[in-house]
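Input: a single structure, listed below in structure tokens.
The values are calculated or read from the model by the stated rules, or taken from the named source; none is laboratory data. It should be emphasised that the depicted structure is a prediction, and the values quoted were computed from it without experimental measurement. No Cβ is skipped: glycine too gets one built from the backbone with ideal geometry, and neighbour counts run over all protein chains shown.
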Amino acid sequence: MKRIAMIAALACSLPAVAAVETYTIDSRHTFPSFEVLHLGMSLQRGRFNKTTGKITVDTAARTGSVDVAIDATSVNTGVDKLEEHLRAEDFLHTSQFPTITFKGSNMTFDGEKLKSVAGELTMRGVTRPVTLTATHFNCGNHPMNKKQMCGGEFVTAIKRSDWGIKYGIPNLADDMTLRINVEAFRD
């Protein structure tokens, strides 16, 4: 009996071990978007309507990974002719490169709050390092279905010419903001 009490006391004194949690991206609430300056006067925006992927997070160990696949053919600006041009060889060249991906495993935390994810963005067959900064990222229970979920928005600034998209420079700015908003449910 004394031995069981000692083992129980020892077990209670050990720190809690958090497990890696895996989340599947909810494509109904995840719409990556982009912004680019047009003619030095207005920001032109668009989004992608189809996104899939996984997020893993271990807040105790301050580690995790992100694997996002964006269907480039789902680009949406509200203007059919512009979307056709964005899918063409001048821009996304979706007939040859239908998917944009981000894969990151270098997460930075401030305490338990996720601040950024460094990884690789692949677009038009070109892969380059980028860091996505979290403007916010929170996890908790969904208020209606009570499932554990995480959501947030991640932002980075890139030069589109680094991925071979040079059409219209300088009238259509080389600098582009990429935002990946995400909602994901725990598996």
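Do we find that G104 is modelled with pLDDT under 95, touching an Asp or Glu at 6+ places or on another chain (Cβ under 9 Å) and of a type in the set (G, A, S) in this structure? Break it down into steps so the answer makes sense when it comes.
Working: modelled with pLDDT under 95: no; touching an Asp or Glu at 6+ places or on another chain (Cβ under 9 Å): yes; of a type in the set (G, A, S): yes.
In short, no.
Looking at (1) touching an Asp or Glu at 6+ places or on another chain (Cβ under 8 Å); (2) at pLDDT 95 or above, which one does C150 not meet, given that it meets all the others?
(2)
Out of contact with any His (no Cβ under 9 Å at 6 or more places or on another chain), in a strand (DSSP E or B) and of a type in the set (S, T, N, Q): does that describe S95? I'd like the intermediate steps shown before the answer.
Numbers: out of contact with any His (no Cβ under 9 Å at 6 or more places or on another chain): yes; in a strand (DSSP E or B): no; of a type in the set (S, T, N, Q): yes.
For S95, the condition - out of contact with any His (no Cβ under 9 Å at 6 or more places or on another chain), in a strand (DSSP E or B) and of a type in the set (S, T, N, Q) - is not met.
Kindly provide the set of residues from segment 63-92 that are among the aliphatic types (A, V, I, L, M) and assigned to a helix (DSSP H, G or I), ordered by number.
A72, L82, L86 - these are the residues of segment 63-92 that are among the aliphatic types (A, V, I, L, M) and assigned to a helix (DSSP H, G or I).
How many of the residues in segment 163-187 are out of contact with any helix residue (DSSP H, G or I) (no Cβ under 9 Å at 6 or more places or on another chain) and not basic (K, R)?
15
Just to be sure, is K146 among the basic types (K, R), assigned to a loop (DSSP other than H, G, I, E, B) and over 27 Å from T24 (Cβ atoms)?
When the stated conditions are applied, K146 does not pass them.
Return the residues of segment 29-64 that are surrounded by fewer than 19 Cβ atoms within 10 Å (Cβ to Cβ), within 30 Å of K166 (Cβ to Cβ) and touching an Asp or Glu at 6+ places or on another chain (Cβ under 6 Å); say none if nothing qualifies.
Result: L43, R45, K50.
Looking at segment 129-147, I want the residues that are within 14 Å of R186 (Cβ to Cβ) and have a partner that is among the basic types (K, R) and assigned to a loop (DSSP other than H, G, I, E, B) with Cβ atoms under 9 Å, at least 6 apart or on another chain. Which pairs are those?
N141/K147
Take segment 53-62 and flag every residue that is assigned to a loop (DSSP other than H, G, I, E, B) and either at pLDDT 95 or above or aliphatic (A, V, I, L, M) (or both).
So in segment 53-62, the residues assigned to a loop (DSSP other than H, G, I, E, B) come out as 59-62.
Within segment 53-62, A60, A61 qualify.
Which ones in segment 152-187 are polar (S, T, N, Q) and touching a Phe, Trp or Tyr at 6+ places or on another chain (Cβ under 7 Å)?
T177, N181
Criterion first (in contact with a Lys or Arg (Cβ under 6 Å, 6 or more places away or on another chain) and either within 20 Å of S42 (Cα to Cα) or modelled with pLDDT of 95 or more (or both)) does M176 satisfy it?
Yes: the conditions hold for M176.
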